[in-house]
Structures are given as structure tokens and as C-alpha cells.
Amino acid sequence: MASATVTRRINAALHVDATNGNGVAGGDAAAATGSHTAKRNISDGGKDDDVWVAVDEADVSGASGGDGGGRPPLFRTYKVKGSILHPYRFMILLRLIAIVAFFGWRMRHKNHDGAWLWTMSMTGDVWFGFSWVLNQLPKLNPIKRVPDLAALADWHGSSGELPGIDVFVTTVDPVDEPILYTVNSILSILAADYPVDKYACYLSDDGGTLVHYEAMVEVAKFAELWVPFCRKHCVEPRAPENYFAMKTQAYKGGVPGELMSDHRRVRREYEEFKVRIDSLFSTIRQRSDAYNAKHAGENATWMADGTHWPGTWFEPVENHRRGQHAGIVQVILDHPNCKPRLGLPASVDNPFDFSGIEVRLPMLVYISREKRPGYNHQKKAGAMNVMLRVSALLSNAPFVINFDCDHYTNNSQAFRAPMCFMLDLHHGGDDTAFVQFPQRFDDVDPTDRYANHNRVFFDGTMLSLNGLQGPSYLGTGTMFRRVALYGVEPPRWGAASRQIKDMNKANKFGTSTPFIGTMLDGANQERSITPPAVIDESVSCELAALTACAYEDGTSWGRDVGWVYNIATEDVVTGFRMHRQGWRSVYASMEPAAFRGTAPINLTERLYQILRWSGGSLEMFFSHSNALLAGCRLHPLQRVAYLNMSTYPIVTVFIFAYNLFPVMWLVSEQFYIQRPFGTYLLYLVGVIAMIHVIGMFEVKWAGITLLDWCRNEQFYMIGATGVYPTAVLYMALKLVTGKGIYFRLTSKQTTACSGDKFADLYTVRWVPLLIPTILILVVNVAAVGVAVGKAAACGVISEPGRLAALGMVFNVWILVLLYPFALGIMGQWGKRPAVLFVAMVMAVAAVALMYVVFRAPYQADQWLGVAASLGKTASLTGSSG
């Protein structure tokens, strides 16, 4: 087993040397601690809202534990007002009755002329209804919870009382996940408004590239300037790329007269920093070429200190290629001591006046786990578990926050906010496994063509789960209780110390005695960070063992301990395991949003993203994490919610089939779905209308816009006509062959640095995944053309003409839902929607003309079947959101 490379960089060496001892004179106490006063701002909770009303947390969750000695709760709880909630629930009940009546009517009026078609249609309808019930039942009691930072300050008056946090950031490829995103994420974390000696930041580089390591060294140097600047002027947000992109911002600092000059100088330094980051590839390659020229026969990648990089090389060789390299742990910024260190006043050599400003930086660690051929390294979940073990030896904070590398802290108090839920033991805090924040995205096109904001899910579905056992884990922007990640059950089911000892006897954690020894300390939520005094040979060997591929062999890592393996949506299934054990979770709202990130605005990348999500959902259903197999500790409606999350792609097989039904009526006159058509049409109109009324209630209490709702409907149909059926096919192949599903990494916006901010939106990347939806487009355009031709040939006022026009309405509706997809495959022409409209009209006219020229008389009854069948697409289910 190769030893991990462990390097300690002395924190003091990265700071500007003090020139005199008077630099701290006149310092501001609040600035010295790096934390500004918490303000009681809970406007996001709906204090004066016409939708939400404040309630007692005990009335919602049943949490008990006394009144906390008269102390107020650390967060506010809101429910939807009865004037909205009761009609909303009534409409759900009314639609459920209508669906049951519809099924009963259809059973009494079987279509014997096309029994096979009627049977398939009825099966689809039943599944539509079942899927809608699974989706709707967990939404009966939406709850909003808002952290009260002022109350947290009252409870924990000094920052020294706050517990420790380990922050995990994961990345793989500096190209697919642009390194500029990663460095901004790390900088925003280092500048967070949290006691600097109370948290540590870990970057997991699963590609093992020297570029990421040297980028972190550059981050440590630039952070000396950026972090004090943020503290001095109370900068928001604290990711420099996003901060400097803002045109205006309200000033919250204490020295407005110095902002302009500091802002100008820091921005200039940041531009130079970006140049260094962008040139890392060429700098490292040039350095390596120079060293290799001095060492004949070598083709290595060299570090700045003249040694071989132990990770992946530019020119792959044995033990230095992707998927085969040693484990690496590099401590880039050491843990600061507990004594505040204030900056210096401006001088000839230093134009920045940081006197009275805390200049210490939190701990920063680079990790790349060992990779060896023949091992399943389990992608992100495996990397997270390695970070969990390594951090236990280096900092062992009782709480863990995980980030994707393209997310950053948008609100400097984002680390304090989840503590309001975790530390409030009188309102269920000790039973809370994790706090999930909504995902918010930057650089999404103004019309949100591909529903990247996904507000229906984040502001609708998640708030609904907040009224049950809590939201599912969404993969980023989440704070965990460390012991919950270790597989420990809530304290009401037994003390953590006893559980850990019992699990250790069963060899669930592995063989590292020092790591297992940290677990009991990690269970103490009042604990700060106490890193080892020195990383000596014994610590280095232990870190090497914890990052090794073979460490998890014969243990419960990846199933009962840590992040769960062998499922593409490791986030959802990991949260499910905690809920199944009896833990609860919280969906937290705060303004400004705690975290923000980027989303793929390219059509192909967005489809690949939801393919991975839907494939992982099906994997969850066909695994030991099936919600039906969970014990009695899982809330009944929480079980229903997880069942819906793991089965929703199945219903789209029927939607895909319904969208192809027009083919039958284009070539034949003998197919019917249901008679009598008039009653059938009334049922369809009723259930369709009710689902949209229910949707409008959700728009109201979720606080989303009609555009958000429409985009959700559109992208659900886009997924239902291609991606979701593909996921079902993949899952069927996995069940038959036993082979796992490979889902590629979603590439982020790589052309955003070009002249066009939304260049990716108009880039077409042709893949087979696009074909099914293109087929649906063609079929429905052809159906509209035939309907127009029929009306033209037979006369609009004739019965065949009227029936043709009625059937065409449903085809047009499908085309409206697929409109964003049609724009996407047009590439640069998608900038001009009028071109798409003209193309559609021309295609319809061509098909209509062909029908008129080559038409064969259709029977009127056939057009009844057309209208009936095409209506199915928009009928019983609605959106999956």
C-alpha cells in the first residue's frame, strides 16, 4: 500500500510579517472576531405574508423537552393559512373522487372493438392515478422553517460557544468542472462569518491532478487579502467572481470611505489571481518539461519544490494515471490558534488598512484518495467517505457541510443558520440528522428554458416534506450531524457511545484504531476543532490507511456507514437511510439564499443530468433501500414520498406510448379507446382542469411564478418522451444482465467565458438520447397536418372536420410542451423563436397538402378515437414535481 503524501504548510508563513506592534490599536471588537452583529430578520418566514402564518413547532413536529428555561426557539415555524390550505386539500380530495369515478365508468363501458388498446389505455390510466396519489399525498401539510440568528446569538453569546464544522468540497475534473468555480467556492468558505478556529475546509480532488493542488496554494495566498477585505466591508456574497459581477450593493461595513479604493485594489489583485489560475496547466507543463529535460528518460509531472507529483501525471504512466495513483493529503493552511490576530494599518508596502480586522484563516486541506485498478471507487460517495475519515483525524468537527465545487456561500452567515436547528434541543434538535438548504442557481438564461431553477421541486415538494419527517438529502448545501453519517441512530433509541461500541465490535468501521477513537468525541455536538499538534510519521501512516482502496473491504462503509454506494443518486438514498433509522431533517429558508451554484443550460447536458437522477431513483427502488422495506420508524407519508421518488420514471413509459398513438390513426381507421365519447371527454376535461387548479394553489403557497410552473410542466414532458423511458430501459437491462449503469459526469458551463454568456444554451450536442423526443415531435406535427388536411378536405363545419379540429387541440398542446426542446435542437437558430414557428407552419402545411392530394376517406368514428386517445397525454398525472 502506497503511503499518502502528507505536507504541512505553516499558516504564519503565508501572512504578511508585522512591522510594528501598534497595528491593533483602535480595533473594532466585532470586526476582530470576524463576525458582525446578527440582526433579527425573519422576513422570509412570512411574518406579514398573506400565505404563511406562525405556529408553535411542537404543534407541527411533536418535539418536546421542556420550554428551554424560558428561552425562545432558535427558529421560526410557519404553516400555510387555512384559507389556502383547506381549499387546496379539498381539491385534492375532489380530484381523487373524480379519478375513482372515472375508472369505475370506464370499467362499465369496455371497448370491445379494440380490447387490447382499451386494456393498455386502462393500465396506463390506473398507473397515472396511482402515481398522482403518490405525488400528492405528501403535500398535504407544507411547513416553512426559518433560522433566527438573533436568538442564536442570545443563546450562544460568544462565538467561542459555537461547535466545530468540517466543510467538504468535491471535484473531479478541472475541465468539465471549471477550476474557477472551485477556487471561488473555497474562497467563499474561507471568508464565511463563523469563528475562524471553529471550522475547516477540505477539498477532495478525485482526479488527483496537480492543477487542483496548486490552485489551492494560490487560493491560500489570495485569501490573505480577500478574507480580511470581506470582514472589513461585510461583503456579500463572498465568492469574488460573483461579488465583482454585481453592479450595485447596499453597504453594510463600517468604513464606507475606504470601500472604493479597497474594492479597486482587490479587484486588480483578483484579476491577476485569475490569470495565474488559468495559466496553471501551461505553467505546470512547462515546469515539468524543464525538469524532464534535466532527467533523461523521465516524463513526470513535477511540483514547484522539484519533486514528483504523487497523483495523476500529464503523461500517464504506471501508478500516476487517472484511476491509479497514491493517496494524497496536503494540509495547505494549518489550523489557527485560538488567539485573535488583527491586521496592520496601511503602509508604504501595504496599501490596505486592516487594523482591527481579524486576519486568521481557517484550516484548508487537499485530499485525493488512492486509486487502484480492479476497485470500484464509487464516484462521489466514495470520495465523501474518505473525507469523512480523514477529517476525523485532522479536525473531527461534530458537524459536516458538503458542497459541490460549483456552489459557493452566498450568505456569509450560512454556517450559523443550520446551527439554529441542530442546537435547539428543546425543539427536536438532537433528533435532526441534517439541515438541507434550497439550491439556487446563477447564470441561468432569463426564460429558464430547461427548468434549471426547478422551483416547483425546491419550493413546493421540499416544503411539503418539511411537514413530515423532513426533506430528502439533495447532494449539496447540506449540514450533517457527524454521528448520523456514521450510521448511529437518534439518541432516543440509545446512547451514541453504546451504539458506536456495538458497531465497532461488528467491524463496521474498519481497523483504524485512531479513527475509531475519534468517534465518541465527534458525537459531542458542543465540541470545537482540536487537530493533532503535529502530523508525524504515525499520523501520516494512519491517513494513508484511511485513504487506501482496501480500507473498506469487509466493513459496512457504503451501506450502513457513510454515504451509500452502488446507486447513482447517493444523496437521496443516504438521506433515506437516516430517515429510516428515525432521524428527522429540516428544510431551511433564509434570505439572501445560503448557497448558490451553477446549472447546465445546454440541452444535452441537462438531459444527461436528469437521466442520472431518474436512473438512480429506479436503482433505489430495486435495492435494499426500497421504501416498502423500511421499518416502522419511517413516517407513513414519508414512505409514500420516497416511493414516489423511486418510481416516478415508470409512468412515463405510458406517456411515451400515448404520444405515439397518432401514428395508428394516420394509417388506419379501426382503433378506438373509449365510447361514448361525449361522457369520456367530460371526464377528461374535469380531471385535467382539477389538476391545474391544484397546481395554482401550489403556485400560491410555494411562492413561485407561473413561468416556473409552466417550465416545470414543459420539461417534465421533455423528460417523459425520452430520458425517463431510457432510464427504465437501462434499469431493465441491469436487472437482466446484472451489470451496473454508467452515468457520465455532467459538464458545467464551459463556454460561459466567451463573448456570449449563454453560449451553451445554443450549442447542439447530438446524442441518441435526443431521438425519442424528436420522434414525438415529428409524429405530432404530422398529426396536426393531417387534421388540417382533413378539415380542408371535408369542410370545417362537417362532423369529420370538427372531430379533426378537436383531435388537433391535443396534438398542439403536446407541441407547446415540447417547445423548449424544439428550440434547443435548433442551435443558433433557437435565438429566433419566429423561425421555429415558421418551420412548424410550413411542415403542417406540407403534410396537409399531401393529405389532400393522396387522401383516403376516413370514417367519422375514427376521429372520435383520435380526440379520445390524444387527450390522454395531458390527462391524469400532470407534473411529477
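Points worth noting:
- Hits in the range 771-784 - residues which are farther than 16 Å from Leu806 by Cβ and either among the hydroxyl-bearing types (Ser, Thr, Tyr) or in contact with a helix residue (DSSP H, G or I) (Cβ under 7 Å, 6 or more places away or on another chain) (or both): Pro772, Thr773, Ile776, Leu777, Val779, Val781, Ala782
- Some residue of the range 372-385 being over 27 Å from Ala588 (Cβ atoms), modelled with pLDDT of 95 or more and either outside any loop (DSSP other than H, G, I, E, B) or outside the structural domain of Ile328 (by TED's automatic domain parsing) (or both): yes
Yes or no, residue by residue, for (1) of a type in the set (S, T, N, Q); (2) more than 27 Å from the chain's Cα centre (by Cα); (3) at pLDDT below 95:
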| site | (1), (2), (3) |
| --- | --- |
| Asp166 | no, no, no |
| Ile189 | no, no, no |
| His212 | no, no, no |
| Arg231 | no, yes, no |
| Thr248 | yes, yes, yes |
| Leu259 | no, yes, yes |
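- Of all residues in the range 552-587, those satisfying the criterion of being touching a Pro at 6+ places or on another chain (Cβ under 9 Å) and over 16 Å from Glu489 (Cβ atoms) are Val586, Tyr587.
- Residue that is modelled with the highest pLDDT [pool: residues in the range 106-124 that are in a helix (DSSP H, G or I) and in contact with a Phe, Trp or Tyr (Cβ under 7 Å, 6 or more places away or on another chain)]: Gly124
- Residue match in the range 676-688 (condition: more than 30 Å from Gly785 (Cα to Cα), modelled with pLDDT of 80 or more and surrounded by fewer than 18 Cβ atoms within 10 Å (Cβ to Cβ)): no
- Scanning the range 226-284 for residues that are among the hydrophobic types (A, V, I, L, M, F, W, C), under 26 Å from Ala594 (Cβ atoms) and touching a residue at least 40 places away in the same chain (Cβ under 8 Å) turns up Trp226, Val227, Phe229, Cys230, Cys234, Val235, Ala239, Val266, Phe273, Ile277.
- Scanning the range 156-190 for residues that are within 30 Å of Glu605 (Cβ to Cβ) and either of a type in the set (Asp, Glu) or part of a loop (DSSP other than H, G, I, E, B) (or both) gives Val172, Asp173, Pro174, Val175, Asp176, Glu177, Pro178.
- The range 146-175 - residue that is out of contact with any Lys or Arg (no Cβ under 7 Å at 6 or more places or on another chain) and of a type in the set (D, E, K, R) and, of those, surrounded by the most Cβ atoms within 10 Å (Cβ to Cβ): Asp166
- When each of Thr447, Thr476 is tested for being within 22 Å of Val169 (Cβ to Cβ) and either among the β-branched types (Val, Ile, Thr) or part of a helix (DSSP H, G or I) (or both), the lone residue that passes is Thr476.
- Residue count for the range 705-728 satisfying the condition of being buried (at least 22 other Cβ atoms within 10 Å of the Cβ) and farther than 18 Å from Leu817 by Cβ: 1.
- Being at pLDDT 95 or above, out of contact with any Lys or Arg (no Cβ under 8 Å at 6 or more places or on another chain) and closer than 23 Å to Gly343 by Cβ is a property that does not hold for Val275.
- Here the condition is being under 32 Å from the mean Cα position of the chain (by Cα) and either closer than 19 Å to His692 by Cα or surrounded by 15 or more Cβ atoms within 10 Å (Cβ to Cβ) (or both); of Phe128, Phe90, it holds for Phe128 alone.
- Number of residues in the range 562-571 that are crowded, with 22+ Cβ neighbours inside 10 Å and out of contact with any Leu (no Cβ under 8 Å at 6 or more places or on another chain) equals 5.
- Matching residues in the range 195-210 - criterion: being within 21 Å of the chain's Cα centre (by Cα) and not in a loop (DSSP other than H, G, I, E, B): Cys201, Tyr202, Leu203, Ser204, Asp205
- Taking the criterion of being modelled with pLDDT under 85 and under 47 Å from the mean Cα position of the chain (by Cα), the residues of the range 788-828 that qualify are Leu803, Ala804, Ala805, Leu806, Gly807, Met808, Val809, Phe810.
- Residues that are touching a strand residue (DSSP E or B) at 6+ places or on another chain (Cβ under 7 Å) and basic (Lys, Arg) within the range 453-490 comprise Arg481, Arg482, listed in sequence order.
- Residues of the range 517-530 satisfying the condition of being surrounded by fewer than 18 Cβ atoms within 10 Å (Cβ to Cβ) and touching a residue at least 12 places away in the same chain (Cβ under 8 Å): Leu520, Asp521, Asn524, Glu526, Arg527, Thr530
- Restricting Val219, Val227 to residues that are in the same structural domain as Gly306 (by TED's automatic domain parsing), within 16 Å of Ile357 (Cα to Cα) and crowded, with 24+ Cβ neighbours inside 10 Å narrows the list to Val227.
- Just one of the listed residues (His308, His325) is surrounded by 14 or more Cβ atoms within 10 Å (Cβ to Cβ), touching a Gly at 6+ places or on another chain (Cβ under 7 Å) and not acidic (Asp, Glu), namely His325.
- Scanning the range 624-659 for residues that are loosely packed, with under 15 Cβ neighbours inside 10 Å and either part of a loop (DSSP other than H, G, I, E, B) or at pLDDT below 90 (or both) yields His624, Gly631, Cys632.
The values are calculated or read from the model by the stated rules, or taken from the named source; none is laboratory data. In this text the structure is predicted, and so the values were computed from the model without any measurement. We place every Cβ from the backbone using ideal geometry, glycine too, and count neighbours over all the protein chains shown.
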